[in-house]
Each structure stands twice: as C-alpha cells, then as structure tokens.
Number of protein chains: 2
Amino acid sequence: MEDTGRRFAPSKLESFAVAVLTRVGVPEDNARIVAHSLLAANLRGVDTHGITRLPIYVERVQAGLTDGRAQGVVVTESETTAVVDGQNGLGQVVGTTAMRLAISKADRAGIAAVAVRNSTHYGTAAYYAMMALDHDMIGLSLTNSPSLMAPWGGKRPFFGTNPLAIAVPAGEEKPFVLDMATSVVARGAIILAAKKGEPIPPTWAMNAEGEPTTNAKEANEGGALLPLGGHKGFGLAMAIEILVATLAGGPFGPHLGELYNNPDRPQGVGHFFAAMRIDRFRPVREFKADMDAMIREVKAQPLGKGFDKIMVAGEPEYNTEAERREKGIPLSDAVVADLTKLGAGVGIPFEL
Amino acid sequence: MEDTGRRFAPSKLESFAVAVLTRVGVPEDNARIVAHSLLAANLRGVDTHGITRLPIYVERVQAGLTDGRAQGVVVTESETTAVVDGQNGLGQVVGTTAMRLAISKADRAGIAAVAVRNSTHYGTAAYYAMMALDHDMIGLSLTNSPSLMAPWGGKRPFFGTNPLAIAVPAGEEKPFVLDMATSVVARGAIILAAKKGEPIPPTWAMNAEGEPTTNAKEANEGGALLPLGGHKGFGLAMAIEILVATLAGGPFGPHLGELYNNPDRPQGVGHFFAAMRIDRFRPVREFKADMDAMIREVKAQPLGKGFDKIMVAGEPEYNTEAERREKGIPLSDAVVADLTKLGAGVGIPFEL
C-alpha cells in the first residue's frame, strides 16, 4: 500500500466510521462493531480489509441492499450447533452475532459450530477466530466470496478466494493466528501489478483462454485467479464453500452477489464459525506452555537462503499492530480522498 | 508406481495381511482393521499408503516398538470431546477407535472432536474422515508425521507433511473427499525422481543449504520439502500440529520418531478427528441435493488449457476404486518381492 506519510489515530478513524454509519441509519451498537472490525484490520496491517471498505458498505446500506439494522437471527439450533440467517445485514455484525453464539455454546458444551447464510462481506476472517482467544478456546472462521478463482482444470472464476482463519492462544508468546485465502494471491495483488504495469508470476492467474499468464492486465480482464497449489487449493476452497454455503442453505460460487458494482441484489455470503474449549482436552496452562515451546523452537531453526527470520502465523500482524498503535495508521492519498468524499456526502467532515 | 501388469484380488491381499499380522501376535480384530485400511488405500490408488507398508508395521510390532494388541484408551472425555492415548498401538487401530468415538459422541451431541497422542503411522487420513459418510456426518481427520518440511524461512525439516482430510456425503454424486498434504508434494515424488535421475520443479524442495533445488538427489540428501504456497502451507501444517500434538499433549515436529530406520523408540504420532451431524443444520436430503448441484455445476465449467475434465476431490480415487475392484490391484515387482520375503519370514506364503 502506498504510504504518503500521513498517519491517523486509530481511535479517531474508528469514531469517524461510527459517525458515518450511524448517520446513514445503522444503530450505534452495529456501527461500533463494524468500525472496530475495520480498524482492527488496519492496525494489523491488513489495509485491504480496513477502513477503505467503509464507502462501499455505506453505499450498499444507503441503496437498501444491506440492512444496517439487522443482527442476524437463529433459524435452527441445538446445544452445539446453529444456523443463523444474516438478513442481509452488515457482515461484521452478523459474523459477530454468530461467533459469539459459537463461543457461548462451546462454553457450555465444549465445542460448537455456527453456519450463516444471507450475510455480506465480513472483513478479515481472523477477526472472528480471534474472538475465541480470550476465552481460552481455539477459534475457526470461514467465509465464501464472489467468484474469482477457477476450479483446477477450468478457466472461468467459480469459487471466491474463500479464506480460512484459525486462532490459538499461547502463553508468553503471541497467539497463533492463521488467516489465508485459498488462492495463490488475493486479487488486489494483480490489480496493483496491472496499475503499475508490472508482470506477475505465471502461478498467480490465468487469462480468458485458460492459460497461465504473466500479464496482470490480461489476468484482470476476463481471467481468473489460480488456486493455491492447484488441485489442493481448489479442494480447500470447495470444502470451505460446503461448510459456509451448503451447510447453511445459502448460494455458492457464481450465485453470490458482488460487493462492488452490483446495485441490484444482496450478496448472499455464507460463513462458518467454530469454537473449542482447550480445557476439555488438557489444562490450559500446560497447553499454553507447549504452544510457547513450539513457537520458540520453530523460530530458532536455521534460516533458508534469503531469509533473516522465521515468523509464525499472526506474528507479522502483531508486530504491525504494536507499531501502528504507537505511530498511527498510514492511509494513502486515495483512501483519504475516498473517506473525505464519503464524509462530505453524509455531513460528517473527515477532519482528523 | 511401476505396474508390471500383475494384479491381485483385494480380498486375497487383505487375507494375507490379516494372516501375517495375527501370526506376529496382533489380535484378529486389530489385524482386520489394519488390513482393511491398507487395502482401502490400494483400491483408491494411494499405493504409497497401501500394503507396501505392511513389512515395516510388522517389523515394528516384532521389535516391540508398536504394541499390536493396543486399541487406545480414553484418558479424558466430555460429551463432545476426548483425548485418547494410543499406547503405541497400530495407527489404524488407534485411529479407528478414536474416530468411532468421535462419531458416537457426535451422534448424541451433534459435533465432537477427539485428539490422540502416542499413536503411530495411521495410513491415509481420508480413511477415518470417510467413516463419517455412512452416518450422514462430515468427517475431519488430521495427523502429524516425522520432520520432512522446512518452516517458511527455514532450511531444516521441522514439521511433517501433516495432511488433512475432510469427507462430505453427497446424494447421487460421489462424496467429496479431500485428502492433502501441506507440503507441495509428498517425499515419495522426490525419491522417485532421484531414482530416475530426473529433475524436480524448484518449488518442491530445497537443498541442505536452504536453496530451492531442481536436483532430486540433492533435495533428498539433507534437504527439506517446501510447504504448499510458502507461508500458507507452513501455517496450515502448524495449525494441524497444534491440533494433533499440542492439544493431545504429545510431541511435535522434530520430536517424533521415524517410521523407518528407527529401531530405538516409539513414534509418538498424534491425530485429531472430528465429526458433525449434517441434520443439526438442515435436512440431510436438501443438503445432499445441494451437494450434487454444486458438484455438477463445477464439473460443467469451461476447461482450462491442457485439461480434458474437471474433477472434484475424491473423484479420481473413486474412479480408481471402481476399476480396481473389477480388475484387481496392480503391485510392482518390488512390492511383490517385499511381501514374499515378509510372508516367508513368518511362515505365511505370499501365493495369491
């Protein structure tokens, strides 16, 4: 991301987001959840899923395609499971409702899973998995997204980048937080290369004819992302689609609605959340000590050519968060312009 | 795998395996489980995890390193969870005990998870995940294995190829069965290339200096497998290691014992199994109809360059199984020689 040097206080950006969302009719509780999730992404350095998404969320609420008041309702449940209908609410609100439900069920039953249909873009998968950490649980968060990635053997986008996130508490070390798309790269990486006129590795995407391409522009226009490791990433993406769409009774792959440039219909996104109590397996203190031991040993391994350290999943994001909490969140001129325009449109000046 | 044209009836190979195992003191119930699992792998075309493993299993039972009589015992449990101590039993026996327990708990509670320590090589991960299919459940099976794969950024083997398997029933279509290692390839692929003197892609492995290599021999001698998609495969392998080792209280990565060339100590393998009732989320009939719809739609997508069909996870193995049930299982001369020698050693002639 382009960094012009302008940094903003997280709390001020968060207040701006809350003010804009409430101004367009989102209840304050819901607005706070969305704003917190967006700023958590910016703090962790995942700027693609940060406050840059606020304008499209607001646009879709204003268009009536997203129901800012919805929180999601339980349509089926047992002591360990539930299906939540997201009512086309804001994905962060629906996701938070569902993950809280999974955690509360797991608190009583040991392990629980909640599938969600009729939701919308929920930001980073990690946000929900990480909600389990303070409860000494392992958290899992999955979602689908509109078609971007070809099946292995195909050439048209079918599944989205379908990410998975898993969060595990440690002791003195930072928690293990894996959040990964099942494509080789996010589409943003290809858009960026196309803008810069740079080539891309042939493993990232194919062109409209179904051939691997190094031309970012070609990949971007009628092409498709390639799945991680070929058939493996395709298999993972489909497994995730089953859990988030088929299990909840929602649409899959090409039947989802786009987030951008889609003024006509809801998204129909699906999610899947699970939480599991560590103390049902062994004492939490012992588990955390063993997590620390594994993290330390893996980080102390001899380095490969061209590396100056080994980092475990979540570590780069925790490092970025520490730095950004102190120095603020850098926003590019383009994002500042977007937010300024957004604020002007609803009468909330972006003056931070 | 080299196919000399000699094919064997699955039932005869299975009987041979049962006879050999019982001859060295494995109780018949346990022997039948191991033999069934090995032949299931051969039928599905996963010959690396088929009857070719029988000699090393027998060798370790005879050496007292694997306890052929053990079935695994529950050391902690709740209505949705358990920890099983594998007592250094045969991995297939321990795995079957644990997955049966997960299924029986899920049958009552909706969802259940069982972590296992002190086990041994359990064959294919899919075997256990697939046990859930007949119960209209989704099955998950994870295991660790001795060090083969470098951490992303490191150069020494640390985690094993740590596979994951997930099985989901469909309606008229074959079930979805994903079984994948978290390395780019299995070590067997590199051993094979080294034997043939062929080069390998630079994405598969690194040499002892921690540089990606195209020299299979170099990769094989002091090198390490590369994780699938770099940091992503490393993250997945570590997430799996946490669930199979840390959660169960077993050793991790470099602290596991080898299967081969290790006459000194038990393996200390860990597994993790989960099962989830589909009908806790929605009617099974609707779910299966939607599975069929997704499978059919993905298979009908336009093809990429160089492909003549799109296959979903599990489909190649079901096709192979149909063919091998009819025509028998092909075994290479080397495997036949190994089995002949094994049989001669224990007084069970390999005459099929």
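The values are calculated or read from the model by the stated rules, or taken from the named source; none is laboratory data. Just so you know, these numbers come straight off a predicted model, no measurement behind them. Counting neighbours? That spans all protein chains shown, and the Cβs are built from the backbone with ideal geometry, glycine included.
Before moving on, here are some points about what is shown:
- Of all the criteria given as (1) more than 10 Å from chain A (Cβ to nearest Cβ); (2) in a strand (DSSP E or B), the one not satisfied by B:Leu178 is (1).
- Answer from A:Val61, A:Val94, A:Val84 - the residue that is part of a helix (DSSP H, G or I), touching a Ser or Thr at 6+ places or on another chain (Cβ under 9 Å) and over 23 Å from B:Leu243 (Cα atoms): A:Val94
- Residue among A:Asn207, A:Asn215 that is more than 24 Å from the chain's Cα centre (by Cα), crowded, with 20+ Cβ neighbours inside 10 Å and more than 9 Å from every other protein chain (Cβ to nearest Cβ): A:Asn207
- When residues in the stretch A:143-154 are screened for being in a strand (DSSP E or B) and within 12 Å of chain B (Cβ to nearest Cβ), 2 of them pass.
- Across the stretch A:304-319, the number of residues qualifying as acidic (Asp, Glu) and in contact (Cβ under 8 Å) with a residue 60 or more places away in the chain comes to 2.
- Residue match in the stretch B:48-55 (condition: within 23 Å of B:Ala334 (Cα to Cα) and among the hydrophobic types (A, V, I, L, M, F, W, C)): yes
- Test: residue in the stretch A:224-237 that is buried (at least 22 other Cβ atoms within 10 Å of the Cβ), more than 10 Å from chain B (Cβ to nearest Cβ), in contact with a strand residue (DSSP E or B) (Cβ under 8 Å, 6 or more places away or on another chain) and more than 30 Å from A:Val73 (Cβ to Cβ): yes
- The one condition in (1) more than 30 Å from B:Ala115 (Cβ to Cβ); (2) of a type outside the set (A, V, I, L, M); (3) more than 9 Å from every other protein chain (Cβ to nearest Cβ); (4) surrounded by fewer than 20 Cβ atoms within 10 Å (Cβ to Cβ) that A:Gly268 fails to fulfil: (4)
- Unique match (being without any contact (Cβ under 8 Å) to a residue 60 or more places away in the chain, surrounded by fewer than 15 Cβ atoms within 10 Å (Cβ to Cβ), under 22 Å from B:Phe252 (Cβ atoms) and more than 7 Å from chain B (Cβ to nearest Cβ)) among A:Ala322, A:Ala300, A:Ala293: A:Ala300
- Selection count where residues are in a helix (DSSP H, G or I) and surrounded by fewer than 24 Cβ atoms within 10 Å (Cβ to Cβ), scope the stretch B:132-142: 3
- Hey, A:Ser37 at pLDDT 95 or above, surrounded by 23 or more Cβ atoms within 10 Å (Cβ to Cβ) and not aliphatic (A, V, I, L, M) or not: yes
- Residue within the stretch A:147-154 that is in contact with a strand residue (DSSP E or B) (Cβ under 7 Å, 6 or more places away or on another chain), more than 30 Å from B:Gly314 (Cβ to Cβ) and buried (at least 24 other Cβ atoms within 10 Å of the Cβ) present: no
- B:Gly123 vs. criteria more than 13 Å from the chain's Cα centre (by Cα), on the phi > 0 side of the Ramachandran plot and of a type outside the set (Asp, Glu): no
- Scanning the stretch A:311-326 for residues that are assigned to a helix (DSSP H, G or I) and either in contact with a His (Cβ under 8 Å, 6 or more places away or on another chain) or over 28 Å from A:Val58 (Cα atoms) (or both) yields A:Glu315, A:Pro316, A:Tyr318, A:Asn319, A:Ala322, A:Glu323, A:Glu326.
- Unique residue being within 19 Å of the chain's Cα centre (by Cα), more than 16 Å from B:Ile278 (Cβ to Cβ) and either in a helix (DSSP H, G or I) or within 13 Å of chain A (Cβ to nearest Cβ) (or both) when the list is B:Ala113, B:Ala129: B:Ala113
- Hey, B:Lys195 modelled with pLDDT of 95 or more and either more than 17 Å from B:Ala275 (Cα to Cα) or more than 12 Å from chain A (Cβ to nearest Cβ) (or both) or not: no
- Filter result for the condition that a residue is outside any helix (DSSP H, G or I), among the polar types (S, T, N, Q), assigned by TED's automatic domain parsing to the domain that holds A:Asn144 and surrounded by fewer than 22 Cβ atoms within 10 Å (Cβ to Cβ), over A:Thr48, A:Thr76: A:Thr76
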